[in-house]
Each structure stands twice: as C-alpha cells, then as structure tokens.
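The values are calculated or read from the model by the stated rules, or taken from the named source; none is laboratory data. Values in this document were obtained by computation on a predicted structure and should not be read as measured data. In this analysis, Cβ positions are derived from the backbone assuming ideal geometry, glycine residues included, and neighbour counts consider all displayed protein chains.
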Amino acid sequence: MIQGVIFDLDGVLVSTDELHYAAWKRLADREGIYFDRTINDRLRGVSRMASLEIILERAARAYSEDEKQEMAAFKNGLYVDLLDGLTPEDILPGVTETLDGLAARGVKAAVGSSSKNAKKILEKTGLLDRFDAVADGTDITRSKPDPEVFLCAAKKLGVEPALCAVVEDAEAGIEAAKAGDMTAFAVGDARKSPRADRRLNDIRELLALWN
Ligand code: BG6
Ligand code: MG
C-alpha cells in the first residue's frame, strides 16, 4: 500500500504554471521568438535552462552562453515579481481537501519540484507547513525526467520509492516517477502521457486509493 505521496508543485498544487508561461512569453516576445501554450506544455517539469533551450528551438539565430544566462535571469526576475502577488487563493481546487484526507489516513505528503522558487511559493500560499518534506530545485543537479528530485523527497519522507505515489502535470514528471520505481498519477496536461499509471480528473480522486 502507498505510504507517501509526492506532489509536483507548479500546475499541481498552485497555479504558478500560468505565471511561468506569462514570464516566458514576455521573454519570447522581447526576442521576437514564436512561443505558444503547446510549446509551453513541453516546459512543464523541466529546469529553467532546459526550458530556455526548448524556446530557442524557434529562434532565428544562435545565442551565446552569456546571452542565455541573461535571458534566464530576465525571465526569473519577471517570474519572481509575479510570485509576490501569490496568496492562498492560488492553491488549485481540491488540494487542501486532498492534503487533509491524506493526513487523516496517516499517509505522508511531500513536494517534489524542479523549481528553485518552490519554498517561496509554499510560504506565500501558506502550504509549507502542510508537508512532511520538501525536495526542490535547490536539492538536485538533474531535473525531471531524471528521478533525482522524487528519490530525494522519498528519502526525506523515510518511505521506500516503491511505496510512494507521485502526482504530476508534466510528461517529464511522469517519466521521472516511473524511473524512480514509483506509481505515477497524472493530472492536467500529463493525462496524455502513455506512461501514467492512473489519470485523475480531480486531485481528490487520489483519496479513493485508501478507501
Ligand atoms: C518546474 C516548472 O516546476 O520548475 C518548470 O514546471 C520550471 O516550468 C521549473 O522551468 C524550474 O523553475 P524555476 O522556478 O527554478 O525557474
Ligand atoms: Mg508541474
């Protein structure tokens, strides 16, 4: 039986996936690079620099390493400014009830996010105290689809990977969960992933596992 659930953050717990999109769109428009929501879905779960490389696939010219660093910093500056406006209202529907339900069932909960801004988001939304462990972009060297962040979260929880479930909105996150020998639950965009073990229309459906 599953003893620990590891939640992705952006697009699963909080609607910050929309803020990532807004900030990348501003950068792409500044550079005159085509960018839309379909391309944005490929950025879900992957690191900041890997996201930039995906955006640059549509660029008309090559960019130097220094230019790439400036672009990533520009995007992150916009994104961090947008995070200042976050409140508990930005927690996605069903998340609070799901966390309450897990706690009532004695199931541990962790965050497993590629983001280096995860702690700020958890603090601004009041979610930080709701988790037994947090593993984020500051704990890892390899971003999803590598399983490192989920294995780190499982270790912090003290639960064997095979007894952990992951909840993800990213294809890269589903791949990471499977590479880590975990059960993969897909929400949102990740429901189209063939590798997902289960697809949830509503995150609260997760609780049926223990009924
Ligand atoms: C993931 C997002 O959670 O974090 C990605 O889905 C993002 O889109 C990645 O690129 C890294 O985030 P940050 O905040 O460190 O730039
Ligand atoms: Mg996500």
Do any residues in the stretch 29-46 that are within 12 Å of ligand 1 (Cβ to nearest atom) and among the charged types (D, E, K, R) have Cβ atoms under 7 Å from those of residues that are in a loop (DSSP other than H, G, I, E, B) and at pLDDT 95 or above, where the two are at least six apart or on different chains, and which pairs are they?
R44/G11; R44/D169; R44/A170
Within the bounds of the stretch 48-62, is there any residue that is closer than 30 Å to D202 by Cβ, surrounded by fewer than 14 Cβ atoms within 10 Å (Cβ to Cβ) and of a type outside the set (D, E, K, R)?
no
Hey, among the residues in the stretch 30-47 that are on the phi < 0 side of the Ramachandran plot and in contact with a Gly (Cβ under 8 Å, 6 or more places away or on another chain), which one's nearest to ligand 2 (Cβ to nearest atom)?
R44
Out of A170, A154, sole residue that is in contact with a Cys (Cβ under 9 Å, 6 or more places away or on another chain), in contact (Cβ under 8 Å) with a residue 60 or more places away in the chain and surrounded by 19 or more Cβ atoms within 10 Å (Cβ to Cβ)
A154
If L27 satisfies every condition in (1) within 16 Å of ligand 2 (Cβ to nearest atom); (2) buried (at least 18 other Cβ atoms within 10 Å of the Cβ) but one, which is the exception?
(1)
Report, by residue number, each residue of the stretch 108-131 that is out of contact with any Phe, Trp or Tyr (no Cβ under 7 Å at 6 or more places or on another chain) and closer than 23 Å to K178 by Cβ.
K108, S113, S114, S115, A118, F131
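Conditions (1) farther than 28 Å from I6 by Cα; (2) outside any loop (DSSP other than H, G, I, E, B); (3) charged (D, E, K, R), marked per residue:
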{"site": "I54", "(1), (2), (3)": "no, yes, no"}
{"site": "R61", "(1), (2), (3)": "yes, no, yes"}
{"site": "E67", "(1), (2), (3)": "yes, yes, yes"}
{"site": "D81", "(1), (2), (3)": "no, yes, yes"}
So, of the residues in the stretch 105-123 that are of a type outside the set (A, V, I, L, M) and more than 13 Å from ligand 1 (Cβ to nearest atom), which turns out to be nearest to L82 (Cα to Cα)?
E123
Take R204 and tell me if it is closer than 22 Å to R42 by Cα, surrounded by fewer than 24 Cβ atoms within 10 Å (Cβ to Cβ) and among the basic types (K, R).
no
Check on L27, under 19 Å from D189 (Cα atoms), at pLDDT 95 or above and over 12 Å from the mean Cα position of the chain (by Cα):
no
Can you tell me which residues in the stretch 101-118 are among the basic types (K, R) and within 16 Å of ligand 2 (Cβ to nearest atom)?
K116
Looking only at the stretch 69-89, count how many residues are loosely packed, with under 15 Cβ neighbours inside 10 Å and over 14 Å from L19 (Cβ atoms).
4
Let me spell it out: the conditions are (1) in contact (Cβ under 8 Å) with a residue 24 or more places away in the chain; (2) within 28 Å of D197 (Cα to Cα); (3) out of contact with any Gly (no Cβ under 9 Å at 6 or more places or on another chain), and G106 meets all of them except one. Which number is the exception?
(1)
